[in-house]
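Inspection log for the structure reproduced underneath, given as structure tokens.
Nothing in this text is a laboratory measurement; each read-out follows from the coordinates by a stated rule. Please read all numbers here as calculations on a predicted model, not as lab measurements. Glycine also receives a Cβ, built like all others from the backbone with ideal geometry; neighbour counts cover every protein chain displayed.
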Amino acid sequence: MPGLAVTTLGLSGFRSYSAAQLSLDGRPLVLLGANGAGKTNILEAVSLLSPGRGLRRASAAEMLRQPQAPGWKITAGIRREGQLHEIETWANAGSARQLRIDGKAAPQHALGRLVPMIWLVPSMDRLWIEGAEGRRRFLDRMTLSFFPDHADATLAYERSMRERNRLLRDGVQDVAWYRAIEARMAKAGATISENRRQALSLLEAAQKDARTSFPSAQLSLVSRDDTDGVFGQDELQAALADSRRRDMLAGRSLTGPHRADLDAVYLAKGVEARQCSTGEQKALLISLILANARAVSRQSGVPPIILLDEVAAHLDANRRAALFDEICALGAQAWLTGTDPQLFADLADRAMFMQVCEGQNGSIVSATDPP
Ligand SMILES: Nc1ncnc2c1ncn2[C@@H]1O[C@H](COP(=O)(O)OP(=O)(O)OP(=O)(O)O)[C@@H](O)[C@H]1O
Ligand SMILES: [Mg+2]
């Protein structure tokens, strides 16, 4: 029995679902169904059991079932190291997302402690090619799975930076005011930097004991300004004070961990990730996700929940088998989606299978036989 699993998932008024209820036994789950059936919507619902806006980064309003739902709600039973927990998260039309854990109102970052989670979705296929923001988000998601305080630090940092940017844009000159805000940014920013740095070294170590043929990546933090994007508290406080004049011209903060980027080199070939083939880039991401899962499992004794949207179709048969074997060896509850059941034949007696289809009154999900 895995150390962490979603055991029940209920959806109402969420995306294509007017109502649905899933019962899970803790093994990996394969969701099968045609395009548009509602598979990714289920993964998105699960992703909302961790801090943030979920795997589509959508607003609460976008998730509301159109046309008629007055609100949406996700209810989940979680089993973590033998203990049962209940998570309820919901939003009524026109208001923000709310959260209750075990019947009590809770802030979102509390989810980071309870449910470590990582995911891979098709939009990340271009992660190594596109802007730094996606890579930073990917790194931060992995970092959060090691260090639950990463969410608090990120929130604190962003809140102070918004305040500072407002002063910069308004042309405020009051040095004491900047100093107070920059002190808060420096404190949170140093935590962010240190968490990321430690996450990278945990990932590096975990990649070394990969049991499979997924390629390893050498990871490093870089930045577009003249720093490496890693800051100690005093260093960041000084850097912010130094760049005030420049930042005022730009109307925003140009230095800090919010400008960091993640660099990856495909080790076996010594090639930058962005120069690799599409398949190699995907394999690198999967390799990192698996390394992350191994490392989290080793560190906390609990493997993270892993959401893999449309991953199987992009892998050759050997890599697909390797992925399934790793997931099962970890004892992680992975949620996999696909349109072709045959791709999951190898998991037949090691996973649960469900079929998703479009019904009269929204998507329907029901247990189905393995391929
Ligand atoms: N807010 C919403 N209200 C109602 N329906 C929605 C809402 N948001 C998305 N949908 C519908 O959900 C369906 C898509 O679901 P989803 O993305 O889960 O499909 P999928 O099974 O993952 O398909 P694919 O195999 O193409 O990825 C679409 O038909 C879309 O119109
Ligand atoms: Mg989908």
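Can you tell me, using C-alpha contacts under 8 Å and at least 6 residues apart, the relative contact order of segment 127-298 as a whole percent?
The normalised contact order for segment 127-298 reaches 29 percent.
Given just the C-alpha atoms of segment 309-371, how large is their convex hull per residue in cubic angstrom? Walk me through the intermediate numbers first.
Numbers: hull volume 5.6 nm³, N = 63.
It comes to 88 Å³ per residue, whole-number rounded.
Return one number: the angle in degrees, 0 to 90 and rounded to the nearest 10, between the long axis of the Cα atoms of helix 175-208 and the longest principal axis of the Cα atoms of the chain.
40 degrees
Please check: in the Gaussian network model of the chain (C-alpha springs, under 10 Å), which one of ALA186, ALA239, ALA273 has the largest mean-square fluctuation.
With Cα springs under 10 Å in the chain, the top fluctuation among ALA186, ALA239, ALA273 is at ALA239.
Please turn the phi angles of segment 355-371 into ³J(HN,Hα) values with the Karplus equation 6.51 cos²θ - 1.76 cosθ + 1.60 (θ = phi - 60°), one per residue in order, whole Hz, x for glycine and proline.
For segment 355-371, the Karplus curve yields 9, 10, 9, 7, x, 4, 10, x, 5, 10, 10, 8, 5, 9, 6, x, x Hz.
Counting pairs of alpha carbon atoms under 8 Å apart in space and at least six apart in sequence, what relative contact order in percent does segment 225-357 give? Mind dumping the intermediate values first?
Numbers: 98 pairs, mean separation 21.8, N = 133.
Computed value for segment 225-357: 16 percent relative contact order.
Under a GNM of the chain (C-alpha, springs under 10 Å), which listed residue has the highest mean-square fluctuation: SER123, SER193, SER160?
Looking only at SER123, SER193, SER160, the biggest GNM fluctuation is shown by SER123.
Lysines near LYS208 by alpha-carbon distance under 21 Å, same-chain residues fewer than 8 away left out - which ones?
Cross-link targets: LYS269, LYS282.
Output ³J(HN,Hα) for segment 155-168: one whole-Hz value per residue in order, computed from phi by the Karplus curve 6.51 cos²θ - 1.76 cosθ + 1.60 with θ = phi - 60°, and x for Gly and Pro.
For segment 155-168, the Karplus-derived couplings read 4, 4, 5, 5, 4, 5, 5, 4, 4, 5, 4, 5, 4, 4 Hz, x marking Gly and Pro.
Report the calculated FRET efficiency for ASP369 and ASN165 (r = Cβ-Cβ distance, R0 = 45 Å), to the nearest 0.05.
That gives a FRET efficiency of 0.20.
Give the cross-link partners of LYS73 among the lysines, using a straight C-alpha distance below 30 Å as the criterion and excluding same-chain residues fewer than 8 apart.
LYS39, LYS104
Within the set of other residues whose C-beta is less than 11 Å from the C-beta of GLY279, count the net charge using Lys and Arg as +1 and Asp and Glu as -1. Present the calculation step by step, with values, prior to reporting the outcome.
Numbers: positive: LYS282, ARG319; negative: ASP125, GLU280, ASP316.
Summing Lys and Arg as +1 and Asp and Glu as -1 gives -1.
Using 0.36 nm per residue, how much length does the chain from ASP234 to GLU272 gain when fully extended, once their Cα-Cα distance is taken away?
Difference between extended and current length: 10.4 nm.
For GLU358 paired with ALA58, estimate the spin-label separation in nm (one decimal), with each label point 7 Å from Cα along the Cα-to-Cβ line.
1.6 nm
Report the charge-dipole magnitude of segment 127-298 in Debye, nearest 20, computed about the Cα centre from +1 at each Lys and Arg Cβ and -1 at each Asp and Glu Cβ. Please list the in-between numbers first.
Working: 27 positive and 24 negative charges, 73 e Å.
The calculated dipole for segment 127-298 is roughly 340 debye.
Amide H of VAL30 versus every other amide H placed in the peptide plane: which residues, excluding those fewer than 5 positions away on the same chain, fall under 5 Å?
LEU336, MET352, PHE353, MET354
What nm value, rounded to one decimal, do you get for the distance between ASP316 and ARG80 when each label is placed 7 Å out toward the C-beta?
Placing both labels 7 Å beyond Cα along the Cβ direction yields 4.0 nm.
Hey, any idea what Rg/Rh is for segment 48-104, computing Rh the Kirkwood way over Cα pairs?
On the way: Rg = 12.5 Å, Rh = 12.3 Å.
Taking Rg over the Kirkwood Rh, I get 1.02.
Taking 1 over the mean of 1/r across every pair of different Cα atoms in segment 243-292, what Kirkwood radius in Å do you get?
Details: mean 1/r = 0.0744 Å⁻¹.
Value: 13.4 Å, from the Cα pair sum.
How long, wide and thick is the chain, going by the Cα atoms along their three principal axes, in whole angstroms, largest first?
67, 53, 36
How large, in Å, is segment 127-298 by the Kirkwood hydrodynamic radius built from its alpha-carbon pairs?
Numbers: mean 1/r = 0.0589 Å⁻¹.
This gives a value of 17.0 Å.
Estimate the FRET efficiency between ARG245 and CYS328 by the formula 1/(1 + (r/R0)^6), using the beta-carbon distance for r and 51 Å for R0, to the nearest 0.05. Provide the component values of the computation, followed by the final result.
Working: r = 57 Å, r/R0 = 1.11.
It comes to 0.35.
Contour minus end-to-end for ARG179 and GLN198, with contour as 0.36 nm per residue of separation and end-to-end as the Cα-Cα distance?
Once the chain is fully extended between ARG179 and GLN198, it gains 4.0 nm.
Tabulate in residue order the Karplus-calculated ³J(HN,Hα) for segment 283-300, using 6.51 cos²θ - 1.76 cosθ + 1.60 with θ = phi - 60°, rounded to whole Hz; enter x for Gly and Pro.
For segment 283-300, the Karplus curve yields 4, 4, 4, 5, 4, 5, 4, 5, 4, 4, 5, 4, 5, 4, 4, 5, 6, 10 Hz.
Quick check on the chain: of the DSSP beta bridges with both residues there, what percent are antiparallel, nearest 5%?
Values: 47 of 62 bridges.
Close to 75 percent.
Suppose every Lys and Arg Cβ carries +1 and every Asp and Glu Cβ carries -1, with no other charges. What dipole size does the chain come out with about its Cα centre, to the nearest 20 debye? Intermediate results must be reported in sequence, preceding the final value.
Numbers: 45 positive and 42 negative charges, 151 e Å.
The calculated dipole for the chain is roughly 720 debye.
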